[in-house]
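Enquirer: Got a structure for you, written out below as structure tokens; questions coming shortly.
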Protein chains: 2
Amino acid sequence: MNPLRNPVSTRRLGLLGLLCLLWGTLRAEEIKSPNGQLTLNVTLAEGGVPTYSLTYKGRPVIKTSKLGLELKNTTSLQAGFTQTDKQTRSFDETWTPVWGESKTIRNHYNELAVTLTQAATQRTMRVRFRVFDDGLGFRYEFPRQPKLDYFTIKEERTQFALAGDHKAFWLPGDYDTQEYSTVTSKLSEVRGKMKAATTPNASQTPFSPTGVQTPLMMKSQDGLYINIHEAALIDYSCMHLELDDKNMVLESHLTPDAVGDKGLIQTPANSPWRTVIVSDKAGDILLSKLVLNLNEPTKYPDVSWIKPVKYVGVWWEMITGKGTWSYTNQENIKLDSIDYKTVQPNGTHAANNTRVKQYIDFAAKHGFDAVLVEGWNIGWEDWFGKHKDYVFDFVTPYPDFDVVELNRYAASKGVKIIMHHETSGSVRNYERHLDSAFQFMNKYGYNAVKTGYVGDIVPLGHHHYDQWVNNHYQYVLEKAAEHKIMVNGHEAVRPTGLARTFPNLIGNEAARGTEYESFGGNNADHTTILPFTRLIGGPMDYTPGIFQTRISTFNPQNTSFVHSTLARQLALYVTMYSPLQMAADMIEHYNEHLDAFQFIKDVAVDWDDTKVLEAEPGDYITYARKAKGKSSWFIGSTCDEQGRTSKIDLSFLEPGKKYTATIYADAPTAHYEKNPQAYQIRKQKVTSKTKLTQFCAPGGGYAISLVETK
Amino acid sequence: MNPLRNPVSTRRLGLLGLLCLLWGTLRAEEIKSPNGQLTLNVTLAEGGVPTYSLTYKGRPVIKTSKLGLELKNTTSLQAGFTQTDKQTRSFDETWTPVWGESKTIRNHYNELAVTLTQAATQRTMRVRFRVFDDGLGFRYEFPRQPKLDYFTIKEERTQFALAGDHKAFWLPGDYDTQEYSTVTSKLSEVRGKMKAATTPNASQTPFSPTGVQTPLMMKSQDGLYINIHEAALIDYSCMHLELDDKNMVLESHLTPDAVGDKGLIQTPANSPWRTVIVSDKAGDILLSKLVLNLNEPTKYPDVSWIKPVKYVGVWWEMITGKGTWSYTNQENIKLDSIDYKTVQPNGTHAANNTRVKQYIDFAAKHGFDAVLVEGWNIGWEDWFGKHKDYVFDFVTPYPDFDVVELNRYAASKGVKIIMHHETSGSVRNYERHLDSAFQFMNKYGYNAVKTGYVGDIVPLGHHHYDQWVNNHYQYVLEKAAEHKIMVNGHEAVRPTGLARTFPNLIGNEAARGTEYESFGGNNADHTTILPFTRLIGGPMDYTPGIFQTRISTFNPQNTSFVHSTLARQLALYVTMYSPLQMAADMIEHYNEHLDAFQFIKDVAVDWDDTKVLEAEPGDYITYARKAKGKSSWFIGSTCDEQGRTSKIDLSFLEPGKKYTATIYADAPTAHYEKNPQAYQIRKQKVTSKTKLTQFCAPGGGYAISLVETK
């Protein structure tokens, strides 16, 4: 269409011309963070190209970077803009999360919304920036308008021009998995290390030798900590970052759908927020609530049914290969024709009545809320890798799992069973069964589900993080809420703070969890990085608490070992924030170390306050957290393979009060590989004036409970 | 894997070697049809390539043709076979359809099942052939076996080597539409005519200059009528035919999924049947029940709720552009935010309370079972072409459609309203709402639904006829049965006789229906071809009965006209067999011709017997059918643009009985374009000895009711 041949268009162009005179085409806007330390500049560069830049205490964080989107089969939203409006405002509120790391959260920012109009297409796009004391969020807004109703994104072209060749904590960019080990390197070294970093996974689609994932944590040579991620990923494709390693410019790279499109948009619509958290203190990154603040308040009128959960589960024995999810050893089954009552059981099926009752008894005895049971339902014989459509029905138990009796038994002991819905990535099949599966859960008293998406997405062509599949996760989450069910999504898209709006999203995996300790191991520094990367988006169901770190002691065929001391496994309940915490080891192993297990029993899963006592990504993290509604505090510290001596100051304790500290620490001879179970427990009286010095073994850490002494 | 390095495999190879000795590698098998007129030969050609050939009365129908499948990422199932078993049997039963063209159907064939083993892969495939008096059906069977559990079809390589350059009645092969005009040409002319034949459609994916659809009707130079199609298309991709126009060999070409795969198979599994119907009498093709017979008996224990339906509907006024489906003229709406009560109505919304009540009154007065209402539900403003996901919710009426009152009103008059579920191809969205949509239907008393799939399949990348989408149609059909709902699927995959197994599939479109008379017109010979092509798979909801064939008389902006005389519109109720028949015109037009309308009121929709009195594809068809459970017969005749004089013999009538024939015929001056409404109605006493001569105008036809005179 040629608008010059259209009289209506010509009139509009006249108006636009007038607006251009009013606003100018190279107009620059500037706003600062509430404390004045961050400065955002927004400029229309030559050709009407929108750009922005960000400084922190006068130091460059994001150099002048382009904004815009490349569209399919139409003029892109990248250039030819004039600024036709701007709005600014300040915002300051304090809100109370349903669950979280602190009792309240302050949401305080200065906002600039710039309306950009593309004369040639008569289209308008708004870019909304929010500058917080701890960083920047911005998003594209596409108002409802005659000339922009439906469009397809070919690629989002948001740049983050960095000020140097930063040290980065990165994962290979991938459309289907986030379960890589973090690589720590300079950005200029990404290309050389990509191949080795791209380790095998049940489903994986790496896309570039310089593509990386978010949250991307970086540290500049002059000591700035910078984290790039996104917030409020709804009805949009998940963003990766493509690195121009000559110019150190990162650019958005969205996950494509089955035909390579990167987003189908109907106006009015907004992109997710693109976030840059920045500080000269590493701990500020950990404490940032910027991603949560950029999400909307909860949509649920009633949240009383959403509760943090501490749980045990029939799980580690399958992960380590000691037991099986499947009930038989058949290799090819069809749910609608197999009769499990006539098939030879394999004798290794873990989710059987006897075993589950042992877990229920243990949970009840030690005060756990719930027992997760995986492998309870039929279909596990050929559950992934086959691109099978009808892989599970989510309602039919194996013959040795009595769903009625076990839920009755659990309820009689005040324990819930956590439902497990592995989908094997067959999303249509899951949606087909979703209503009946949730009705089944309601009927038998389940109030939480762990979902799984192992293997390629079925139908093939889709990716775990494309818009269509992201919409699936969202659909499941909201359907679950209708049934008052909490969701812990594994192999789903990485969280972007959506739990503020949908607080029944109490957990996600979306990174390399403890399970990989059984699949070759995690790096010893893994848990000194995750809080700076994966956890920026939301809590992770990391499943810590493995006491018997040498797997071969109970499964000789598995030579993997947990790259952590036992003491550090305790620390993770504090350092890996989650309202959903598992004591992941088999209960027999806890019975061997009930003294250490006491910390897992005692530690809170919901908090009134959180402090970072010391932190350096890749090296160490020490948190202190105050239990929700109580005077007790808990400290956790994790370090890398070097080991170290941690020096902390308990000045966060209430002055004048006395506390008993129970310190669960590595013994002097402890080592994550050579001597992982060497721990010491000691008690000590402390106050807010106490300073502690604590040894951490290589791959070790410590945990402390601080209970007020009356 | 190298089986020679595997001791188990080596043992099996030894056994296979022995079997080769027993059966030979070039073994040939032969079976004949029950009447001996068809002979099938099956031979393993050099290299262990399976082949077959078919003759009819000694004349070649299918010359030696290869069988097999090309697989993805593994050895194909095309060569290297030895015959390791064969089974033969004869079968003869007579079964009673829930609805149909005759009271009972004879299923009579000789069967040969050849087991083929591929030594190199230790895999087994069976090809099952059934030779009927009217043709051949064969399918691939993949038994459950250790070395063949899951596999992906790259392409099915089933050949149909023809004996000459036949005259063919063909449509462009297309993954997304069947709504093309049939081209009549020699096979050698397909390539040259393909481009012109590929007319625009809301969704279309032609794949080859020589690709055509099934059912493909052909006539050889020596007068053999040959029809190629498929039967029992379940959990498989729909087959097209790729023509090698040098050698006149047709080869199967399956519909690909989003990544180009053509089928994900888990053993045990069977392909659909590939069918070749053959006769030297054209009418035998029309009477063939081979496709139905190759489907399984019904799976439903109770079929009492399935009834043929004669209906009128709020439909033609939107198709012709007189009214609209949408309630407003907004161009961009979101179901979850629009409030229709505050939006300006467009004043052209046809599915309003007043109009629907007029149709209910009309249906009740004239004895129709039901009223179809399209455009009753919110979302039609931007219903297709946008690749919109959440396009309809299937349960929310527009403000001027009172679902409670209208269903009450209809019920009070003994009429049903037929539900309409247009999906715009957004299959996930439909499945998400399917349960609630069917519950809604049950609640308000709807017992039948017309579904629609206009536009590209969403998610993009899938095609209307690929395995994943075919499984969707099947899912809807079986879900509907759970709710005792009958289904009439438009823009869905062409039928393959599945209505035998799932008799709630009472209709399909899957071809160019009457609606195209409003979109430029159908060829005047269209309905002399469809019974030989599209209807071989099952009934079509052709929606005949347009009396006001000049659309411009009520919508001056639409210059299309119906390429048929009014008399022929009546004939179509007999010639276009369907248990679901619409009187598709607006009721005002029927009120202008109540004398002719009487035939539509009288004609049956279910039959005890069917005769073909004369037939030549592309030229003319005359059927006589006996009403179910009654002594009345109905005759319909349709001819091409030439016009003709039809001479028929009423010897099918019961000897000795007297009948009153009411003949609805073209007037001598009638012409489908120039004088379409010129008809004459006369009555005549007839018996089984009567011979009738009846003029048919160009693009005309006639209809006769024969009522026994007591």
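Enquirer: Of all residues in the range B:376-392 being in a helix (DSSP H, G or I) and within 29 Å of the chain's Cα centre (by Cα), which is nearest to the other protein chains (Cβ to nearest Cβ)?
Expert: It comes out as B:ASP382.
Enquirer: Quick check on my filter: what residues within the range B:263-284 are away from every other protein chain (no Cβ under 12 Å) and more than 30 Å from B:LYS219 (Cβ to Cβ)?
Expert: B:ASN270
Enquirer: Only one of these is β-branched (Val, Ile, Thr), away from chain B (no Cβ under 14 Å) and in contact (Cβ under 8 Å) with a residue 60 or more places away in the chain: A:VAL373, A:VAL395, A:VAL415. Name it.
Expert: Going through A:VAL373, A:VAL395, A:VAL415 in turn, the sole match is A:VAL373.
Enquirer: Hey, does the range A:394-411 have a residue that's basic (Lys, Arg) and crowded, with 23+ Cβ neighbours inside 10 Å?
Expert: no
Enquirer: Looking at the range B:481-506 only, could you name the residues that are on the phi > 0 side of the Ramachandran plot and buried (at least 24 other Cβ atoms within 10 Å of the Cβ)?
Expert: Within the range B:481-506, B:GLU491, B:GLY497 qualify.
Enquirer: May I ask you to list the residues in the range A:245-262 that are within 11 Å of another protein chain (Cβ to nearest Cβ) and touching a strand residue (DSSP E or B) at 6+ places or on another chain (Cβ under 7 Å)?
Expert: Residues satisfying the conditions are A:ASP257, A:ALA258, A:VAL259, A:ASP261.
Enquirer: Assess whether A:LEU290 counts as being crowded, with 22+ Cβ neighbours inside 10 Å and under 27 Å from B:TYR390 (Cβ atoms).
Expert: So A:LEU290 fails the test.
Enquirer: Would you please list the contacts, defined by Cβ atoms under 9 Å and residues six or more apart or on different chains, that run from a residue in the range A:685-710 that is over 24 Å from A:GLY656 (Cβ atoms) to a residue that is among the basic types (Lys, Arg) and outside any strand (DSSP E or B)?
Expert: A:CYS696/A:ARG568; A:ALA697/A:ARG568; A:PRO698/A:LYS674; A:GLY699/A:ARG568; A:GLY700/A:ARG568; A:GLY701/A:ARG568; A:TYR702/A:ARG568; A:ALA703/A:ARG568
Enquirer: Can you tell me how many residues within the range A:89-117 are outside any strand (DSSP E or B) and either more than 26 Å from the chain's Cα centre (by Cα) or free of Cβ contacts under 8 Å to residues at least 60 places away in the same chain (or both)?
Expert: Result for the range A:89-117: 2.
Enquirer: Residues of the range B:416-431 being over 22 Å from B:ASN332 (Cβ atoms) and out of contact with any strand residue (DSSP E or B) (no Cβ under 6 Å at 6 or more places or on another chain), which ones?
Expert: B:VAL427, B:GLU431
Enquirer: Condition check: in contact with a helix residue (DSSP H, G or I) (Cβ under 9 Å, 6 or more places away or on another chain), farther than 25 Å from B:GLY618 by Cβ and not small (Gly, Ala, Ser). Does B:GLN684 satisfy that?
Expert: Here the answer is no, as B:GLN684 does not meet what is asked.
Enquirer: Within the range B:425-451, which residues are under 19 Å from A:HIS433 (Cα atoms) and either touching a Cys at 6+ places or on another chain (Cβ under 6 Å) or among the small types (Gly, Ala, Ser) (or both)?
Expert: Hits for the range B:425-451 are B:SER426, B:SER436, B:ALA437.
Enquirer: Let me ask something additional. Can you tell me which residue in the range A:317-364 is farthest from the other protein chains (Cβ to nearest Cβ), limited to those that are in contact with a Lys or Arg (Cβ under 7 Å, 6 or more places away or on another chain) and hydrophobic (A, V, I, L, M, F, W, C)?
Expert: A:ALA364
Enquirer: Return the residues of the range A:346-375 that are part of a loop (DSSP other than H, G, I, E, B) and surrounded by fewer than 19 Cβ atoms within 10 Å (Cβ to Cβ); say none if nothing qualifies.
Expert: Correct list: A:ASN346, A:GLY347, A:THR348, A:GLY367.
Enquirer: Considering only residues of the range B:130-146 that are under 18 Å from B:GLY263 (Cβ atoms) and within 14 Å of chain A (Cβ to nearest Cβ), which is surrounded by the most Cβ atoms within 10 Å (Cβ to Cβ)?
Expert: Ranking the candidates gives B:PHE142 first.
Enquirer: Related question: Does the range B:170-177 contain at least one residue that is in contact with a Cys (Cβ under 9 Å, 6 or more places away or on another chain), under 29 Å from B:TYR225 (Cα atoms), surrounded by 19 or more Cβ atoms within 10 Å (Cβ to Cβ) and within 14 Å of chain A (Cβ to nearest Cβ)?
Expert: Yes: the range B:170-177 contains one or more residues that are in contact with a Cys (Cβ under 9 Å, 6 or more places away or on another chain), under 29 Å from B:TYR225 (Cα atoms), surrounded by 19 or more Cβ atoms within 10 Å (Cβ to Cβ) and within 14 Å of chain A (Cβ to nearest Cβ).
Enquirer: Would you mind telling me which numbered condition in (1) more than 14 Å from chain A (Cβ to nearest Cβ); (2) buried (at least 16 other Cβ atoms within 10 Å of the Cβ); (3) in contact (Cβ under 8 Å) with a residue 60 or more places away in the chain; (4) of a type outside the set (Ser, Thr, Tyr) B:ASP149 fails?
Expert: The one condition B:ASP149 does not meet is (1).
Enquirer: Answer with yes or no whether A:LYS289 is at pLDDT 95 or above, basic (Lys, Arg) and not assigned by TED's automatic domain parsing to the domain that holds A:LEU112.
Expert: Answer is no for this residue.
Enquirer: Which residue pairs have Cβ atoms under 8 Å apart, sit 6 or more places apart or on different chains, and have a first residue in the range A:458-471 that is in contact (Cβ under 8 Å) with a residue 40 or more places away in the chain and more than 7 Å from chain B (Cβ to nearest Cβ) and a second that is among the basic types (Lys, Arg) and in a helix (DSSP H, G or I)?
Expert: Cβ pairs passing all conditions: A:VAL458/A:ARG428.
Enquirer: Considering only strands (runs of 3 or more DSSP E) fully contained in the range B:591-708, which possess at least 2 residues that are within 23 Å of the chain's Cα centre (by Cα) and at pLDDT 95 or above?
Expert: So the answer is B:607-616, B:620-627, B:633-639.
Enquirer: With in contact (Cβ under 8 Å) with a residue 24 or more places away in the chain, more than 28 Å from the chain's Cα centre (by Cα) and not assigned by TED's automatic domain parsing to the domain that holds A:ARG500 as the only criterion, which of A:THR43, A:THR74 stands out?
Expert: Just one listed residue meets the conditions, A:THR74.
Enquirer: Take B:SER304 and decide whether it is small (Gly, Ala, Ser) and crowded, with 21+ Cβ neighbours inside 10 Å.
Expert: no
Enquirer: Does at least one position in the range B:333-346 carry a residue that is out of contact with any Ser or Thr (no Cβ under 9 Å at 6 or more places or on another chain), closer than 16 Å to B:MET419 by Cα and modelled with pLDDT of 95 or more?
Expert: The answer is no, given that none of the residues of the range B:333-346 is out of contact with any Ser or Thr (no Cβ under 9 Å at 6 or more places or on another chain), closer than 16 Å to B:MET419 by Cα and modelled with pLDDT of 95 or more.
Enquirer: All but one of (1) over 30 Å from A:GLN557 (Cβ atoms); (2) at pLDDT 95 or above hold for A:LYS299, so report the exception by its number.
Expert: Failed condition: (2).
Enquirer: Also, I was wondering about something else. Is it the case, given these coordinates, that B:LYS443 is in contact with a Phe, Trp or Tyr (Cβ under 7 Å, 6 or more places away or on another chain) and of a type in the set (Lys, Arg)?
Expert: No: the conditions fail for B:LYS443.
Enquirer: Under 9 Å by Cβ, and 6 or more places apart or on different chains, what pairs join a residue from the range B:431-454 that is within 14 Å of chain A (Cβ to nearest Cβ) with one that is aromatic (Phe, Trp, Tyr) and surrounded by fewer than 22 Cβ atoms within 10 Å (Cβ to Cβ)?
Expert: B:GLU431/B:TYR475; B:ARG432/A:TYR475; B:ARG432/B:TYR390; B:LEU434/B:TYR475
Enquirer: If A:TRP316 satisfies every condition in (1) over 18 Å from the mean Cα position of the chain (by Cα); (2) surrounded by fewer than 24 Cβ atoms within 10 Å (Cβ to Cβ); (3) under 30 Å from A:ALA448 (Cα atoms) but one, which is the exception?
Expert: For A:TRP316, the failing item is (2).
The values are calculated or read from the model by the stated rules, or taken from the named source; none is laboratory data. No experiment lies behind these values; they were computed from the predicted model shown. Note that each Cβ is placed from the backbone with ideal geometry, even for glycine, and that neighbours are counted across all protein chains shown.
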